1. Has the range 148-167 got any residue that is over 22 Å from residue 86 (Cα atoms), of a type in the set (D, E, K, R), surrounded by fewer than 17 Cβ atoms within 10 Å (Cβ to Cβ) and not assigned by TED's automatic domain parsing to the domain that holds residue 135?
2. Just wondering, is there one or more residues in the range 71-91 that are of a type in the set (S, T, N, Q), under 16 Å from the mean Cα position of the chain (by Cα) and not assigned by TED's automatic domain parsing to the domain that holds residue 137?
3. Can you tell me which residue in the range 48-80 is farthest from the ligand (Cβ to nearest atom), limited to those that are open to solvent by 20 Å² or more (accessible area, probe 1.4 Å) and among the basic types (Lys, Arg)?
4. Would a scan of the range 200-207 turn up a residue that is part of a helix (DSSP H, G or I), farther than 28 Å from residue 25 by Cα and open to solvent by 60 Å² or more (accessible area, probe 1.4 Å)?
5. Tell me, yes or no, whether the range 113-122 has at least one residue that is among the hydrophobic types (A, V, I, L, M, F, W, C), open to solvent by 50 Å² or more (accessible area, probe 1.4 Å) and either out of contact with any Lys or Arg (no Cβ under 7 Å at 6 or more places or on another chain) or modelled with pLDDT of 95 or more (or both).
6. Between 174, 131, 136, which is in contact (Cβ under 8 Å) with a residue 40 or more places away in the chain and not small (Gly, Ala, Ser)?
7. Before we move on, is residue 64 in contact with a Gly (Cβ under 7 Å, 6 or more places away or on another chain) and either of a type outside the set (A, V, I, L, M) or touching a residue at least 24 places away in the same chain (Cβ under 8 Å) (or both)?
8. Does the range 213-220 include one or more residues that are closer than 24 Å to residue 30 by Cα and assigned to a helix (DSSP H, G or I)?
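The values are calculated or read from the model by the stated rules, or taken from the named source; none is laboratory data. Because the structure is predicted, anything quoted here is derived from the model rather than measured. Don't worry about glycine lacking a Cβ; one is built from the backbone with ideal geometry, like all the others, and counts go over all protein chains shown. Side chains are part of the model used for accessible areas, which takes the heavy atoms of the whole protein and leaves out ligands, DNA and RNA. Shrake-Rupley method; radii C 1.70, N 1.55, O 1.52, S 1.80 Å.
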Amino acid sequence: MGTLTEAGLLAVWEAGRGKDAVRRALVLAAAGAADPSSVADLSVGEREELVLALRERCFGSTFPCAVTCPSCRQELELELTVDDVRAGEPDGDRRLRVNGFDVEFRLITSRDLLTVEAGTSDAHRDARRALLGRVLTSATTHGERVSVDDLPNEVLDALANALSTQDPQADVRLELDCVDCGHEWASPFDVTIYLWAELDAYARRLLHDVHVLASAYGWSEDEVLAVGPARRRCYLELVAG
Ligand SMILES: [Zn+2]
């Protein structure tokens, strides 16, 4: 997959606007995927890896961040690299043995999240149990099959924990420390939120430039984008006079 064109980035931005977190992540992942139709069925971590790879191709492999120390409130500027935020591919075997229960499972996909979200508004079933029920492929105790509703909470907790550790890119946590007070903490890093903020700023800048040049020269959006960034900047300077 190559880098997206400016028109391609605008199309992705338009498709992701007004969407919730999961659907927006799917738009970004599909833009970076060889097979866009498959992204909803990838594990959440695999989906996030596609978003991360797209971000690298479009905007590079350093990630400037501003964070606030939760202890002393100092504003800290960080420059993360892609290695800091790449947690790795799915790992481990999808089996657990807890308190006499044998459990087999698969990783959570975006389709699971969307399906559970759609189903929990009209059912009183708790969303966590519904989600874990979808990824559970087999559960037995003393040789007898059991359903997710029969699993005690400690088994569900162990399953949730295994799902998280076996799909590390789904839940990236950065170990941070404050240069001022020495406080150490873990902060989540969501590449979809990060890339979306960049893409939103980029699209708004680009649309502003299109507006200025289209107004000045009577060009269409396609014609403005066809001019190319370097020459476009010259025209913008001329228009600004
Ligand atoms: Zn601090």
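1. Kept after step one, since they are over 22 Å from residue 86 (Cα atoms), are these residues of the range 148-167: 148-159.
If we keep only those that are of a type in the set (D, E, K, R) as well, we get 149-150, 154, 157.
After this cut, where a residue has to be surrounded by fewer than 17 Cβ atoms within 10 Å (Cβ to Cβ) as well, the list is 149-150, 154, 157.
Filter once more, keeping what is not assigned by TED's automatic domain parsing to the domain that holds residue 135: none.
Checked against the condition, which is being over 22 Å from residue 86 (Cα atoms), of a type in the set (D, E, K, R), surrounded by fewer than 17 Cβ atoms within 10 Å (Cβ to Cβ) and not assigned by TED's automatic domain parsing to the domain that holds residue 135, the range 148-167 yields no hits at all.
2. Keep residues of the range 71-91 that are of a type in the set (S, T, N, Q), which gives 71, 74, 81.
Filter once more, keeping what is under 16 Å from the mean Cα position of the chain (by Cα): none.
Within the range 71-91, none of the residues are of a type in the set (S, T, N, Q), under 16 Å from the mean Cα position of the chain (by Cα) and not assigned by TED's automatic domain parsing to the domain that holds residue 137.
3. Just the residues of the range 48-80 that are open to solvent by 20 Å² or more (accessible area, probe 1.4 Å), to begin with: 49-50, 53, 56-62, 64-68, 70-75, 77-79.
Still in the running and among the basic types (Lys, Arg): 57, 73.
Working: 57: 35, 73: 7 Å.
Step by step, filter the range 48-80, then rank; the result is 57.
4. Pass one, the range 200-207, residues part of a helix (DSSP H, G or I): 200-207.
Applying the additional criterion that residues be farther than 28 Å from residue 25 by Cα yields none.
Among the residues of the range 200-207, not one is part of a helix (DSSP H, G or I), farther than 28 Å from residue 25 by Cα and open to solvent by 60 Å² or more (accessible area, probe 1.4 Å), which makes the answer no.
5. Within the range 113-122, the subset among the hydrophobic types (A, V, I, L, M, F, W, C) is 113-114, 116, 118.
Subset that is open to solvent by 50 Å² or more (accessible area, probe 1.4 Å): 113, 118.
Next, only the ones that are either out of contact with any Lys or Arg (no Cβ under 7 Å at 6 or more places or on another chain) or modelled with pLDDT of 95 or more (or both) stay: 113, 118.
Yes, the range 113-122 contains a residue that is among the hydrophobic types (A, V, I, L, M, F, W, C), open to solvent by 50 Å² or more (accessible area, probe 1.4 Å) and either out of contact with any Lys or Arg (no Cβ under 7 Å at 6 or more places or on another chain) or modelled with pLDDT of 95 or more (or both).
6. Numbers: 131 fails: in contact (Cβ under 8 Å) with a residue 40 or more places away in the chain; 136 fails: in contact (Cβ under 8 Å) with a residue 40 or more places away in the chain.
Of 174, 131, 136, the one residue that is in contact (Cβ under 8 Å) with a residue 40 or more places away in the chain and not small (Gly, Ala, Ser) is 174.
7. On the way: in contact with a Gly (Cβ under 7 Å, 6 or more places away or on another chain): no; either of a type outside the set (A, V, I, L, M) or touching a residue at least 24 places away in the same chain (Cβ under 8 Å) (or both): yes.
No; evaluated as a whole, the condition is false for this residue.
8. Here is the first cut: in the range 213-220, the ones closer than 24 Å to residue 30 by Cα are none.
No.
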